[in-house]
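Report on the following structure.
Just so it is clear, none of the values below were taken in a lab; they were calculated from the coordinates. This structure is a prediction, so every number in the text was calculated from the model and none was measured. When we count neighbours, we look across all protein chains shown, and the Cβ atoms used for this are built from the backbone with ideal geometry, even at glycine.
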Amino acid sequence: MLKPADLPDTISVFPLPGALLLPRARLPLHIFEPRYLQMLEDTLKTPHRLIGMIQPNPRPNSATQLHAIGCAGRVTQFSETEDGRYMITLAGQSRFRISRELDGFCPYRRCEVSWDGFGQDLGKTETDPELDRDRFLALLRQLFERRNMNTDWDTLKEADDELLINSLSMLLDFSPEDKQALLEAPSLPTRRETLVTLIEFTLRGGDPGQEVWQ
C-alpha cells in the first residue's frame, strides 16, 4: 500500500463502463487496445505504477465525459500473451477526484487529481459493526438463485466484512451508475446499505412495492 506522500498529482485514467475498483481490492484487466498498451508501458516506468479506473459519464453537462471520482490501482502483476496483449492486476489504493483533464499528444487520457477527502482509503481494513451477516447472505442467496449463479457459501460466511462487501460490489452485474454509487459510498456500512438496496431493487424487478424478505 502506498503512503499519502507517494500519491502523484497526475495519473493516467482508464474509462471502463461497469468496472469497479475499490481500495484494498484487486481488479484483473485484459489490455489489448494500442492506446492502453501504451498507457501500461508508460505506467510501468513510473515509481507509483498507478492507473485510475473511472466510469464514463455520457451526460451532456459532464465537461470531461467522465465521472468526477474514480479509484487508482497499482499494477502489481502483469503477463504478456503471445499476440502482444497483457493480463494485469490492479491493487486498489485510493479514490481520487479529477481536478482537470490534461491536453496533449498522449493517446490515452491523463488527469490532474486530488486525493483530499479519501485519507481512510490508505488506512486499515474497514469493518461494518451493523452487518447482519445471516440476513445479508439470505438476501444474496435469493439473487444468486434468481440469476442461476453459484458460489462458495462457506467462504462468504467466513470472509471479513470489507472483503465480503467490496468483492460483491465489484463482481455483481449492476449498471455503471450503480457502480459509481457504490464507489462513492463514504464508508463500508454505507456501501453495504447501497448494495442491499440494489439487490432488493433487482429482486423486485424494479417494483419498489414488492416484498423481498422471506
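Some notes on this structure:
- One residue from Gly84, Gly73, Gly123 being over 19 Å from the mean Cα position of the chain (by Cα) and of a type in the set (Gly, Ala, Ser): Gly84
- Selection from the range 73-105 of residues that are without any contact (Cβ under 8 Å) to a residue 60 or more places away in the chain and assigned to a loop (DSSP other than H, G, I, E, B): Thr81, Glu82, Asp83, Gly84, Arg85, Asp103, Gly104, Phe105
- Test for Leu195: is it in contact (Cβ under 8 Å) with a residue 12 or more places away in the chain and closer than 18 Å to Leu22 by Cα: yes
- Scanning the range 130-177 for residues that are polar (S, T, N, Q) and assigned to a helix (DSSP H, G or I), we see that the one that is nearest to Arg204 (Cα to Cα) is Gln142.
- Scanning the range 109-121 finds no residues that are of a type outside the set (Phe, Trp, Tyr), assigned to a loop (DSSP other than H, G, I, E, B), surrounded by 12 or more Cβ atoms within 10 Å (Cβ to Cβ) and touching a residue at least 60 places away in the same chain (Cβ under 8 Å).
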